[in-house]
Amino acid sequence: MVAAVVALALGVFAGSGYEAPKDGSTLLAISLPDSKGQEQALAQWRGKLLVVNFWATWCEPCRDEMPEFVRSQARFGDKGLQFVGIAVDDPAKVGTYIQQIGLNYPALIGGMGAIELSKTFGNTLSALPFTIIVDRKGSIVHTQLGVLKPAQLQGFIDKLL
Amino acid sequence: MNRAEVARRRSAHATIVVIASLAAPIVALALAVPADLARAADLLPPERAFPFSALASGPQTVEARFNVPDGYYLYRDKIRFQVEPASAGLAPLELPAGKLKHDEFFGDVATYRGLLKVDLVLKSAAPGQRILIKAEAQGCADAGICYPPIVQTATVTLPAGSVVPPEAPKKSWFN
């Protein structure tokens, strides 16, 4: 009996704390400029397996996970995987960096307001990197503070693409 | 109830408990929004990762401190101070060298861990003046996250009284 109560308590604890919205429509309603100043609406990627990654050039762990994102985008892009980066950063620094690494997905510029935005999706520490995964039906299936490991990413690709 | 019935009830009860213990976490997790909360639970909010304090250390000096716990670090080039009133005259900072960390993109970057002390010199501050110290810092956790710049403040009251320290008694070898 005690075991059952403990198990239930642990299960509840794992799910407690900030509950990010499950509906991705608020996220998809957002519009931000890209590094060239062109406004991009996230709604254009509705129906994709969307990986929205908040990052910055001043965030070393953010930069560490991006080469893997570039590889996955190249491999699964035509099957419906779509990465979108939202940089909390200076557009010029973003422009230089994405050229250097050959970024093959959109880099939008969010500034400090992007951190505030990410808070509404569960980024309680206002830190980076922060990633939101939206399935093809527009539901938020995962939020991640800290690097998204390749095995984790592949798990979502296998299940939802 | 006879013994056999009691035994059967107990066995059924035990089975229910086992099934419940297995099912409960699965049900709870299925209902929860999957978020990597285990990591977030271990990480400190920025004001606890980079706690700032300041105390007057002389008539025109303030010792500013960041007491960074294990597992966190600050970037030297992102440390900024401002004072109010600005007329107190904050002199250019002399920051400790820190420890170099190699960064793929930025090259060697100086960082601080543990207790960082910075002496702030207020060239035109008056005795007994109340000064607001604004400190901006930016850092990361070894666990793999970085915080945006955080601004923290502290108020210090400079000591009142004479600026000139008492003279030490003169020693002479001839008397």
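The values are calculated or read from the model by the stated rules, or taken from the named source; none is laboratory data. Note that the structure is a prediction, hence the values are computed from the model and not measured. For neighbour counting, all protein chains shown are included, and Cβ atoms are generated from backbone atoms with ideal geometry for every residue, glycine included.
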Name the pairs whose Cβ atoms lie under 6 Å apart, with the first residue in the stretch A:102-127 and within 14 Å of another protein chain (Cβ to nearest Cβ) and free of Cβ contacts under 8 Å to residues at least 40 places away in the same chain, the second of a type in the set (Val, Ile, Thr) and outside any strand (DSSP E or B), and 6 or more positions between them or separate chains? A:126/A:115
I want to confirm something. Restricting to the stretch B:105-138 and keeping residues that are touching a helix residue (DSSP H, G or I) at 6+ places or on another chain (Cβ under 7 Å) and under 26 Å from residue B:71 (Cβ atoms), which single residue is farthest from the other protein chains (Cβ to nearest Cβ)? B:112
Limited to the stretch B:1-47, what total is found for residues that are in contact with a Phe, Trp or Tyr (Cβ under 9 Å, 6 or more places away or on another chain), modelled with pLDDT of 70 or more and assigned to a helix (DSSP H, G or I)? 1
